[in-house]
1. Which order, highest average first, do 77-89, 206-218 follow once you tally other Cβ atoms within 10 Å for each residue and take the mean per peptide?
2. Arranged by the count of other C-beta atoms within 10 angstrom, fewest first, what order do R394, R53 take?
3. Suppose each label sits 7 Å from its Cα in the direction of the beta carbon; what would the D227-V166 distance come out to in nanometres?
4. If you put +1 on each Lys and Arg Cβ and -1 on each Asp and Glu Cβ, how big is the dipole of the chain around its Cα centre, in Debye rounded to 20?
5. Mind computing the radius of gyration and Dmax over the alpha-carbon atoms of segment 2-435? Å is fine for both.
6. Working out 0.36 nm times the residue gap between V127 and I375, then minus their Cα-Cα distance, what length gain in nm do you get to one decimal?
7. Using the basic label-point model (7 angstrom from Cα toward the beta carbon), what is the F390 to L143 distance in nanometres?
8. Based on the Cβ-Cβ distance from W420 to F80, what FRET efficiency comes out when R0 is 30 Å, to the nearest 0.05?
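Values in this text are rule-based calculations from the coordinates and carry no lab data. Predicted model only: the values in this text are computed from it and were never measured. Cβ placement follows ideal geometry from the backbone for every residue including glycine, while neighbour counts extend to all protein chains displayed.
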Amino acid sequence: MAFAGSAIGLGNIWRFPYMTGEGGGALFVLVFAAATLLLSLPIFYAESVIGRRGGANCLGSMRNLGGGRFWKVFGLLCVFTPMFILSYYSVVGGWSLEYLFKALGGAFASVQPSEAGGMFSQYVQGVAAPIVTFTAFLAFTCLIPASGVKSGIEKFSKISIPALFVIILVLAAYTLTLPGAFAGVEYLLRPDFSKFSVGMVADAVGQSFFSLSLGTGIIITYSSYVDKGENLVVSGVGTALAALVFSLLAGLTILPAVFAAGTEPGAGPGLIFETLPFIFSTMAQDAPVLSVVVSTLFFLTVLVAALTSSVSLVEVGIAYMVEEWGLSRGKATLLCFALTWVVGLLSALSFGLLGDVRILGEPVLDAFDRFSSNILMTVCALLGVVFVGFVMPRDDVISELGSHGKTGVCSRAVYFLIKWLCPALILAILIANFVS
Ligand code: PHE
């Protein structure tokens, strides 16, 4: 459940539906599934092997597995990356918190549809509001793992993941009955083979990679808590399937609503924080109470999905500080909160006070996101598979892939992919990212 929680996040809600529609519907889903099977899952397994065999946080696992100085630096990079991602992920999480309150308070129902989209720029251009919501989201995030892995993260995931599925099912059932909704289903699922292109394949690979939270030290850290009797191959498939099904349900919720309202689907913050409020506001003209209920449920889903991912991001740093520096869980959590908060301020203010600052032509938050997903995550994923494929003994890897050391043909096939296909493909992605 915790692995699924890390996988299910904002990416499934604001990127997947749009990319699938743009990338030829069912064709994109097929390419996405192939990319998950051949690339993302083997990387997931490589990181799981490091964590379970190493039995510790990212740096500790490297040490326990006999990695030299270079590999210890890799371990540290795996701790830095998620903390850096958390700094801006929490800002966006804060946006969803703000919008949950807006929805609850009937804010979309009380304005004209034409004004509902504009609320977003007004809010992010402020100073106090984005900082307050960012701080609150980060505090929620830190409260969950503070009480422990079992009683905090595990408990939270066991409740929130099934709840997310129930709410999204209810929402999808509702939007699918709207007049004109079928155009959204068609946009999402109808296979359009003319959309096949290198760019579309790159999008599918990138989305699959981001969705499984690879190259962030999360899988390493969580796997260090996984029992030896657990079959890693099965956990990976379960995680990937949960994320895919949730993405499809999010698409079946959002796209029918967008098409029924006669608007255009876009990706990113604009889809959730501008287009949908416009739709909720339009809906309120005939059915104000229903609009409040649906919009509240929707932003609750966004918030909880963001939380299940942010919890996994902060746990990497906490595990490192507890195990390496001997801090108590409480102190480590507080320190992670403080460090992330200071860096996150830059992103929280990136559309307000720092609105004129551009890094390579982009606002701070966007630049941090691009740097993390295109460089940091990719480099960490590459080093992870190289370590497992070329530094760890083959027999150790293969026995770790099964449960209780029992291996099968599956483990050997996965090993082959980790050693040969993954490094080549990730290197190609890294080069493509640098060029573009
Ligand atoms: N997998 C999450 C999503 O789809 C994002 C994420 C990436 C979370 C990396 C943690 C680490 O939104």
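1. Details: 77-89: 24.1, 206-218: 26.6.
Packing proxy ranking, top to bottom: 206-218, 77-89.
2. Values: R394 13, R53 19.
With the sparsest Cβ surroundings first, the list reads R394, R53.
3. Those two pseudo-labels are separated by 2.6 nm.
4. Working: 21 positive and 23 negative charges, 241 e Å.
In total the dipole reaches around 1160 debye.
5. In order Rg, Dmax, the Cα atoms of segment 2-435 give 21.2, 66 Å.
6. Numbers: separation 248, 0.36 × 248 = 89.28 nm, distance 2.97 nm.
Stretched out fully, the V127 to I375 stretch lengthens by 86.3 nm.
7. 4.7 nm
8. Working: r = 28 Å, r/R0 = 0.95.
The calculated FRET efficiency here is 0.60.
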